[in-house]
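Chemist: Take a look at the following structure, please.
Read-outs throughout are calculated quantities, based only on the coordinates presented, and are distinct from any laboratory measurement. These figures come from a predicted structure and were not determined experimentally. Backbone-built Cβ (ideal geometry, glycine too); neighbour counts: all protein chains shown.
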Amino acid sequence: MSERHSQAALSAIIDIAADGVIALDERFRIVRYNKGAERIFQWTEEEMLGEPLDRLLPLASRAVHRGHMRGFATGEVDARRMAERRAIAGVRRNGEEFSADASIARVTVDGERTFMVVIRDVSERKRMEDGQRMLAMAGWVLAASLDVESTLATIAEMPLPMLGDWSLVELLTSDGHIRRAAASHVEAMRGAELSPLVSSVAHPLPALLPYGSTARVAHGGEPVIITDAQRWLDATFPNDADRERAAGIGASSVLIVPLRAGGRAIGALSLVRSRTGAMHVPDDVSIAEQFGSSAALALENTRLYQESRQAVRERDELMAIVSHDLRNPVNAIVMLTGALMAQSDAGAPVPVELEQLQAVRGAARQTDGLIQDLQDVTRISAGRLHVDIRTCDISDMVIETCALFESTAEAAELALTHSVPTNLPRVQADGPRIQQVLSNLLVNAIKFTPPGGEVHVDVSLSSSGRNICVSVRDNGPGIPSEDVPRLFERYWQAPRLMRAGSGLGLFIAKGIIDAHGGSISVDTALGRGTTMSFTLTVA
């Protein structure tokens, strides 16, 4: 093979090489620049011939690199890897920096020195390595906490800056809403700008989820890259002020990954690149998906942990209720039967007064009633409360129930009145269960209305003619506004009541009415009494 042929073959090999091959003269100016270098740096050979090698390096590293090149030119070693001392980076035509591996060799022919540089773009490999390190760290960190807020903060922070400049975690709620639960920014100062976007208030989801919305990704289970950032802003921030704030922080490309565990949609994580022109790449999706899976599992673990703690608290509350509220009737039974036994004389028959039997029976019924309430609570909590729906006369039910409480109201020095039209249509209901609801409301009204007050029961037909409304109104002290949202919670009682009962009545009443497809509500204010109302469907 002739020398000319050998040079031509070598030139062809250099041109087809995937790596960048660059030849420099003694002043470190480019005299040869192959196709691989053109692909990596996005400059053409014509544009780079005669230019210093510095032009392909980040500005911050140029001075240090020149010193290394001078040292290599005068040293005894003819070849070495340029990354032996420190990691190196190149810069593309568009200003993007990337990680690189580079080697340099010194060749002297006829006293003329040439420096051959081979550069390989390892940004993709390094990105995957960094991604795997981040995922390994995320798995460890997310597993270390069972606190919801701490877990949410970690989910928002860990993918940055690898997958975005800022992030937003949104969670779906059981009632068809979505809540912005956490956010983070690579710059701590700018992170404060995200704080107003995080809210405990959930926004209702539209019937048709728009493309670019986190809810759509969460339910669909597939990640998406949104290059039209305005579309994402419009779908994510219904409030104009929030949308303007997010736009001010910046959004160029948004990668949204679902947070799903066990096939259940929990929410979604939005990873936002804010620099103009910065885009997500397919490799980002793979890393983000794996992180999303770990994040969803961590959130599911925190949920299960919180539920287990809640179950323990409810068990303790149940034991406290049973031990407290069963004590009185059981003690009454023990005392009454003990008194009867004390009256016996050497096995002689003991005369039993009717009042004594009634007292024992009343205590037994009170015990049985509490046990029934606890059973109802268990069924309602498990969604297994059974109602036997039939066509009923609501007027008769209300009148009968009020009659049962006349003596109780009289003993409490209250007036118990009712307004029940006789021409009301029949309703679809489980009669005994509806009487149980009305009884629970009357018990509360009588218990908290002072002597001389009035409890009034009203039954009316709605303006649409489709529902019957039953209301129990008292002129007691009323309920503070801060207590109203918790009225129908299990075991809850206002602190001022100091265990005035089991705290199950309203919870059970709501569970029964919910099972009927009706609604139950309260209208109250301090100093003007309370009205509890529920609705039933007309047959």
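Chemist: Distance from a point 7 Å along Cα→Cβ of TYR305 to each backbone N in region 123-163: keep the residues under 11 Å and list them by number.
Modeler: Under cut-off, by backbone N: 142-152.
Chemist: What is the Rg over Rh value, at two decimals, for region 121-270, using alpha-carbon atoms and the Kirkwood definition of Rh?
Modeler: Rg divided by Rh gives 0.95.
Chemist: Turning to a different aspect of this structure: Work out the charge dipole of the chain with +1 on the Cβ of Lys and Arg and -1 on the Cβ of Asp and Glu about the Cα centre, then indicate which of THR417, PRO204, PRO282 is farthest towards its positive end.
Modeler: Selected residue: PRO282.
Chemist: What are the extents of the Cα atoms of region 83-180 along their three principal axes, in Å, largest first?
Modeler: 82, 30, 15
Chemist: For region 129-171, just list the percent of Cα-Cα distances falling in each 5 Å bin from zero outward, please.
Modeler: Binned Cα distances yield the sequence 5, 22, 30, 26, 15, 2.
Chemist: Hey, rough spin-label estimate for ASP110 and ALA18, points 7 angstrom out along Cα→Cβ, what's it come to in nanometres?
Modeler: Each label point lies 7 Å from its Cα, and together they span 3.7 nm.
Chemist: Turning to a different aspect of this structure: By per-residue mean of other Cβ atoms within 10 Å, what is the highest-first order of 273-286, 290-303?
Modeler: Top to bottom by mean Cβ count within 10 Å: 290-303, 273-286.
Chemist: Can I ask one more? Which value in deg cm²/dmol, rounded to the nearest 500, describes the helix-derived mean residue ellipticity at 222 nm for the chain, given -39,500 (n - 2.57) per DSSP H run of n ≥ 4 and division by the residue count?
Modeler: Mean residue ellipticity at 222 nm (helix-derived): -14000 deg cm²/dmol.
Chemist: Separate question: At q = 0.10, 0.17, 0.18 Å⁻¹, what is the base-10 log of I(q)/I(0) for region 235-321 according to the Debye formula with one equal point scatterer per Cα and no solvent? Please give it to two decimals.
Modeler: -0.44, -0.85, -0.89
Chemist: Separate question: Using mean Cβ contacts within 10 Å as the protection proxy, how do 192-198, 232-238 order, highest first?
Modeler: Top to bottom by mean Cβ count within 10 Å: 232-238, 192-198.
Chemist: In addition: For region 390-537, state the average projected area of the convex hull of the C-alpha atoms over all orientations, rounded to one decimal in nm².
Modeler: 8.4 nm²
Chemist: Hey, another quick one. Taking a point 7 angstrom from the Cα of LEU146 along the C-beta vector, which residues in region 275-318 have backbone N less than 14 Å away?
Modeler: 298-313
Chemist: Give the Rg (one decimal place) followed by the Dmax (whole number) of the chain, computed from C-alpha coordinates and expressed in Å.
Modeler: Values for the chain (Cα only, Rg and Dmax): 38.6, 137 Å.
Chemist: Here is a further query. Where Lys and Arg each count +1 and Asp and Glu each count -1, what net charge lies around ALA409 among other residues with Cβ under 12 Å from its Cβ?
Modeler: -4
Chemist: Taking the Cα centre of the chain as origin, sum charge times position over the Cβ atoms of Lys and Arg (+1) and Asp and Glu (-1), and report the length of that vector in debye to the nearest 20.
Modeler: It comes to approximately 1140 debye.
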